[in-house]
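The values are calculated or read from the model by the stated rules, or taken from the named source; none is laboratory data. Note that the structure is predicted; figures quoted are calculated from it, not measured. Heads up, the Cβs are rebuilt from the backbone with ideal geometry, glycines too, and the neighbour counts pull from every protein chain shown. For the accessible areas, the whole protein counts, side chains as well, though only heavy atoms, and no ligand, DNA or RNA atoms are used. Shrake-Rupley method; radii C 1.70, N 1.55, O 1.52, S 1.80 Å.
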Amino acid sequence: MPIDADVIVIGGGTSGAAAALSLARAGRRVIVLDRFKPPHEHGEHHGGQRLFRTAYFEHPGYVPLLRRALDGWRRLEAESGERLLELTGAVYVGAPGGELISGSLRSAAAHGVPHEVLSPHEATEALPGAVLHESCVVMRERTAGYVRCDAAIAALLRVAEATGAKIRSGVPASGWSASSNSVEVATAGGILRAGLLIIAAGPWSGALLSDIGVRLTVTRQVQAYVEASPGGGPACCWAVEGLDGLFVYGFPRDHHAGTIKFGVHVHGPVLDPDRPTPSVTAREIEQARSALRGVFPSLANGRIHGSACRYTNSPDTHFIIDRHPAFPNVVFGAGFSGHGFKFAPVLGELLAKLVMDPGAEHPAPFLALSRFGGGG
Ligand SMILES: Cc1cc2nc3c(=O)[nH]c(=O)nc-3n(C[C@H](O)[C@H](O)[C@H](O)COP(=O)(O)OP(=O)(O)OC[C@H]3O[C@@H](n4cnc5c(N)ncnc54)[C@H](O)[C@@H]3O)c2cc1C
């Protein structure tokens, strides 16, 4: 049977577009299939901005990956001629023993990430208008900021295409099968064949990976935007873990839109990815307003609008990047659990390495499927 490509990538969003670019740079013939036309509003990657942080509270193992991701974003900026990453710095606020502060300090210490612990006066200057509890610790990280997410997806795909990848939008993969040296992907237009397959399907990954022994849960998330006047609000990114555990984060004012984007990092209601996402409700807007009021009371009176997005969560909220347990020529990246975007260039590198080099050891073992011990 003739093959259509060396590698088929299912999903042309965050991780799939980056994988396609890495593979195309390595000279592989790649076909990317996407059920929509990325960037789009049906997956996990839309909404204007995504935080970039290096002193990673979630796990110190991510720090080396983030350093590579930073280089990757800069390379993509050079190749695409677009500014994608803004290092505005970020300020983190939380209880001394809370996950945000203790985890960020742990990662910073383990990997020598430059940071400062701010005095109460410095903290007030860094986050004007914020109400900070007197017992909280405030930490500033300079190698942090945000990625322009929609523009970044478009740039990844454009540069991948210019490097030789074939991007097929509006083509859902309805299923796949594999043998030891080939894969077949079913689409409405027929079967595509290749030697290798990457599954990077975001919220739809669970359906394509039903046999890996780990359950992926898709949740509804609201990203909110509050109108703010010029000079209003913080000039950097921010994350605040309240004493009640509520984790609110946000960005500096977007001068073009006249708004400050913010969100609450909590896993929302579980949803079926095949059902259309209902618009954001008045109740959800008021919940967002109340979370903002706890941090920036004066901003919370402004007009707020929101857009719905999705997290695909792994059981332990860490990424799962690995070869398929039955087919080493099938590799997947899934369960980015609401924090994967900033890593996109390095996700692409990891997926490409795992699929191109079947004998290679896992480059980031803490993200391997085996941590679930055969079930999650
Ligand atoms: C509200 C919100 C805020 C976030 N904030 C941050 C943040 O500040 N920092 C950060 O790093 N991360 C953040 N994230 C998380 C980050 O955006 C995601 O982890 C990341 O985008 C996931 O990438 P993905 O490739 O898995 O999914 P996606 O980017 O959604 O890509 C999956 C693609 O696969 C396609 N697809 C699916 N099924 C098929 C099929 N069968 N056939 C063909 N194509 C298919 C889809 O159309 C889609 O384009 C946030 C997410 C949300 C929702």
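Sort out which residues of the range 133-163 are open to solvent by 50 Å² or more (accessible area, probe 1.4 Å) and in a loop (DSSP other than H, G, I, E, B), and write them in order of number.
Hits for the range 133-163 are 133, 134, 135, 142, 163.
For residues in the range 175-206 being within 11 Å of the ligand (Cβ to nearest atom) and free of Cβ contacts under 8 Å to residues at least 24 places away in the same chain, which is surrounded by the most Cβ atoms within 10 Å (Cβ to Cβ)?
186
Within the range 68-78, identify whether any single residue is at pLDDT 95 or above, in a loop (DSSP other than H, G, I, E, B) and either more than 15 Å from the chain's Cα centre (by Cα) or under 26 Å from residue 280 (Cβ atoms) (or both), and answer yes or no.
The answer is no; no qualifying residue exists.
Given (1) under 29 Å from residue 265 (Cβ atoms); (2) open to solvent by 20 Å² or more (accessible area, probe 1.4 Å); (3) among the aromatic types (Phe, Trp, Tyr), where does residue 327 come up short, assuming only one miss?
Result: residue 327 fails condition (1) only.
So residue 172 ticks every box in (1) open to solvent by 50 Å² or more (accessible area, probe 1.4 Å); (2) at pLDDT 95 or above; (3) more than 19 Å from residue 44 (Cα to Cα) but one. Which box is left unticked?
Single failed check for residue 172: (3).
Can you give me the number of residues within the range 1-49 that are over 14 Å from residue 168 (Cβ atoms) and acidic (Asp, Glu)?
Looking only at that region, the number is 3.
Within the range 11-29, restricting attention to residues that are more than 14 Å from the ligand (Cβ to nearest atom) and not in a helix (DSSP H, G or I), which residue is surrounded by the fewest Cβ atoms within 10 Å (Cβ to Cβ)?
27
Which one of these is more than 14 Å from the ligand (Cβ to nearest atom), outside the structural domain of residue 348 (by TED's automatic domain parsing) and of a type outside the set (Val, Ile, Thr): 301, 329?
301
Can you pull out the residues in the range 287-311 that are part of a loop (DSSP other than H, G, I, E, B) and either without any contact (Cβ under 8 Å) to a residue 24 or more places away in the chain or surrounded by 13 or more Cβ atoms within 10 Å (Cβ to Cβ) (or both)?
Passing the criteria: 294, 295, 296, 298, 302.
How many residues, within the range 207-239, are away from the ligand (no atom under 14 Å from the Cβ) and closer than 25 Å to residue 15 by Cβ?
Final tally of qualifying residues: 5.
Quick check: anything in the range 312-332 without any contact (Cβ under 8 Å) to a residue 24 or more places away in the chain and over 23 Å from residue 41 (Cβ atoms)?
The answer is no; no qualifying residue exists.
Kindly indicate which of 317, 281 is within 14 Å of the ligand (Cβ to nearest atom) and either farther than 16 Å from residue 217 by Cα or under 19 Å from the mean Cα position of the chain (by Cα) (or both).
317
Of the conditions (1) in contact (Cβ under 8 Å) with a residue 60 or more places away in the chain; (2) outside any helix (DSSP H, G or I); (3) within 15 Å of the ligand (Cβ to nearest atom), residue 56 clears all except one; give me its number.
Tallying (1) in contact (Cβ under 8 Å) with a residue 60 or more places away in the chain; (2) outside any helix (DSSP H, G or I); (3) within 15 Å of the ligand (Cβ to nearest atom), residue 56 fails exactly one: (1).
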